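Chemist: For reference, the structure I am asking about is given below.
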Protein chains: 2
Amino acid sequence: MKLDDAAAHLEALGNPTRLKIYRALIRAGRAGLPVGRLQDKLKIAPSTLSHHIKALLVVGLITQVREGTTLVCHANYGVMRELVGFLVAECCTESAETADAKTAA
Amino acid sequence: MKLDDAAAHLEALGNPTRLKIYRALIRAGRAGLPVGRLQDKLKIAPSTLSHHIKALLVVGLITQVREGTTLVCHANYGVMRELVGFLVAECCTESAETADAKTAA
DNA sequence: TCGATATTTCTAGTTTTATGGGAGGACAGT
DNA sequence: ACTGTCCTCCCATAAAACTAGAAATATCGA
């Protein structure tokens with residue numbers, strides 16, 4: 001994962017409302033959660049919720065599947081794993097000399 | 001770590017420039033990196049850099065220590081570990097019923 | 001004290017984000 | 001086709017972020 005992608009994902013999660021949405025979807029498991037159900041939990045305007053959901057969609061952190069009249073949202077575990085992988089590899093270890101810092105000095 | 005704190009940390013890292021700053025500090029290891037050195041690497045206006053550094057400081061992701069005329073920045077590994085811990089515990093596992101359903105511990 | 005270097009703070013302009021009201025589209029049931 | 005429900009899109013507004021020039025502050029050495 002590139003740094004800019006990681007930053008985009010972090011930014012998407014870096015909002016309390018969106019992080020709540022994401023966490024709710026994680027807790028919902030594979031079944032996911034309809035948008036309306038998210039609205040019950042978060043109690044914000046539908047348009048606002050939709051706006052935040054879109055922000056998570058465009059970076060791939062969540063997906064949407066229509067089931068009848070409702071749109072069910074699912075967390076995309078793979079993307080989160082990539083993100084955590086990036087943080088651990090590049091931003092957590094004290095010896096994070098990844099591939100280009102060796103020619104310094 | 002509370003959700004709002006996690007969101008604040010994610011937001012701080014959710015900017016390419018700040019993520020670059022943070023990664024540079026990680027790569028610098030315990031020795032840290034002076035602000036001026038960061039500016040050499042990032043090539044942005046001093047005031048802009050200072051602005052971003054402050055954003056990382058206020059959430060505790062980095063610290064600053066004066067050494068003579070220069071201010072040396074250090075990554076705060078502990079905070080990052082907490083953040084990654086939050087993500088893994090609450091936002092990564094498929095059985096993330098944590099903290100408000102089980103509380104076995 | 002004076003000057004040089006390093007960095008922050010002040011200030012301001014431009015852009016982006018957050019929020020939500022209302023209109024509109026998709027779908028199921030009748 | 002009509003209606004109700006669900007959700008998104010378009011629009012506007014207010015708030016916040018990003019950028020950086022200029023001035024101010026901190027420290028050291030002469």
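Chemist: In peptide B:75-81, what is the residue-averaged number of other protein chain Cβ atoms found within 10 Å of each Cβ?
Modeler: 2
Chemist: Same structure again: What relative contact order, as a whole-number percentage, does the stretch A:3-87 give when Cα pairs under 8 Å and 6 or more residues apart are counted?
Modeler: Reported relative contact order: 34 percent.
Chemist: Suppose every Lys and Arg Cβ carries +1 and every Asp and Glu Cβ carries -1, with no other charges. What dipole size does the protein assembly as shown come out with about its Cα centre, to the nearest 20 debye?
Modeler: For the protein assembly as shown, the charge dipole is close to 240 debye.
Chemist: While we're looking at this one, here's another question. Roughly how many percent of the accessible protein surface of the protein assembly as shown is carbon and sulfur, given a 1.4 Å probe and a whole-percent answer?
Modeler: Here it works out to 53 percent.
Chemist: Another question, then. Taking 0.36 nm per residue of separation and subtracting the Cα-Cα distance, what length does fully extending B:T70 through B:T93 add?
Modeler: Stretched fully, the B:T70-B:T93 segment lengthens by 4.0 nm.
Chemist: Assign one of three labels to the stretch B:3-91, namely rounded, prolate or oblate, based on the Cα gyration tensor with a ≥ b ≥ c the square roots of its eigenvalues; rounded applies when a/c is under 1.5, prolate when it is not and a/b is larger than b/c, and oblate otherwise.
Modeler: Taking the square roots of the gyration eigenvalues as a ≥ b ≥ c, the stretch B:3-91 is prolate.
Chemist: Across peptide B:28-36, what mean number of C-beta atoms from other chains lies inside 10 Å of a residue's C-beta?
Modeler: The shielding value for this peptide is 1.
Chemist: Further question: Quick one: of A:K54/B:K41; A:K41/B:K54; A:K2/B:K43, which pairs are farther than 27 Å apart, Cα to Cα?
Modeler: From A:K54/B:K41; A:K41/B:K54; A:K2/B:K43, over 27 Å: A:K54/B:K41; A:K41/B:K54.
Chemist: When Rg is the radius of gyration of the Cα atoms in the protein assembly as shown and Rh is its Kirkwood radius, what does Rg/Rh come to?
Modeler: My calculation puts Rg/Rh at 1.03.
Chemist: List the residues, sorted by chain then number, that are 5 or more residues from A:N76 or on another chain and whose placed amide H is less than 5 Å from its amide H.
Modeler: Under 5 Å from the amide H of A:N76: A:I62, A:T63.
Chemist: Related question: If you roll a 1.4 Å probe over the heavy atoms of the protein chains, what accessible area per residue do you get for the stretch A:3-87, in Å²?
Modeler: 46
Chemist: With +1 on each Lys and Arg Cβ and -1 on each Asp and Glu Cβ, how big is the dipole of the stretch B:3-91 about its Cα centre, in debye rounded to the nearest 20?
Modeler: Taking the Cα centre of the stretch B:3-91 as origin, the dipole is about 520 debye.
Chemist: Another question, if that's okay. Summing both sides, how much accessible area is buried between A and B? Use a 1.4 Å probe and give Å² to the nearest 100.
Modeler: 3000
Chemist: While we're on this one: What whole-number distance in Å separates the alpha-carbon centres of the stretch B:1-64 and the stretch A:1-41?
Modeler: With the stretch B:1-64 and the stretch A:1-41 each reduced to a Cα centre, they are spaced 24 Å.
The values are calculated or read from the model by the stated rules, or taken from the named source; none is laboratory data. Quick caveat: nothing in here was measured; it's all calculated off a predicted structure. Neighbour counts are summed over all protein chains in view; Cβ atoms, including those assigned to glycine, are modelled from backbone coordinates with ideal geometry. Quick note on the areas: whole protein, heavy atoms, side chains included, nothing else; ligands and nucleic acids left out. Shrake-Rupley method; radii C 1.70, N 1.55, O 1.52, S 1.80 Å.
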